[in-house]
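Quick note: the coordinates plus some simple rules give every number you see, no bench work behind them. The structure presented is a predicted model; accordingly, all values stated were derived computationally and were not measured. Cβ coordinates were reconstructed from backbone atoms using ideal geometry, including for glycine residues, and neighbour counts include every protein chain displayed.
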Amino acid sequence: MKIKGRVWKYGDDINTDVIFPGKYTYTVTDPEEMAKIALEDLDPEFAGNVQKGDIIISGKNFGCGSSREQAASCLVYAGVGAVIAKSFARIFFRNCINFGLPALTSAEAVDAIKNGEIIEIDTDEGKITSKAVSFDFPPLPEEVVGIFKAGGLIPYTKRKLGLL
């Protein structure tokens with residue numbers, strides 16, 4: 001699977017409350033509305049300017065904090081194609097897989113790629129390519145790539161069971 005988009009770059013310890021503000025947890029459930037508030041407290045320009053396929057790059061511990069699923073799903077609904085970080089909080093990482101959002105680890109790419117660059121990710125080859133250089137990331141298990149291609153764990157499971 002190939003993903004190409006503009007980079008939105010942030011720092012370390014971006015928590016789930018910044019990705020999807022907790023004040024909306026029980027009041028905003030519509031995907032379109034969730035997309036409009038993605039990263040609102042971190043970057044007020046994000047939700048209004050993100051394009052389908054854009055890529056978030058961040059430092060260590062991306063998605064720390066609560067286990068709020070909306071942190072992953074609002075990024076999907078906003079059109080984010082992938083998140084690349086130095087490391088992820090465990091539950092956020094799993095929520096990304098469940099919602100079909102590639103969450104990739106590459107410290108070298110995080111350090112080298114600049115905000116606003118256009119980059120390409122090839123999940124099959126394990127490559128992140130910027131204008132000038134290419135970075136490898138650990139190969140993803142076939143099942144995980146299948147979940148990403150299906151758009152999340154539920155559609156993947158339905159296909160496996162012949163329900164789609």
*Name the GluC sites (Glu not before Pro) in region 55-132 that are in a loop by DSSP and that have at most 15 other C-beta atoms within 10 Å, would you?*
Glu125
*Which ³J(HN,Hα) values in Hz, rounded to whole numbers, follow from the phi angles of region 135-148 under the Karplus curve 6.51 cos²θ - 1.76 cosθ + 1.60, where θ = phi - 60° and Gly and Pro get x?*
10, 8, 10, x, x, 8, x, 3, 5, 5, 4, x, 5, 4
*Spatially close lysines, pair count over the chain: Cα under 14 Å, gap of eight or more or interchain*: 14
*How high is the relative contact order of region 2-139, in percent, with contacts defined as C-alpha pairs under 8 Å that are six or more residues apart?*
28 percent
*Any idea what the alpha-carbon Rg over 2.2 N^0.38 Å comes to for the chain?*
0.97
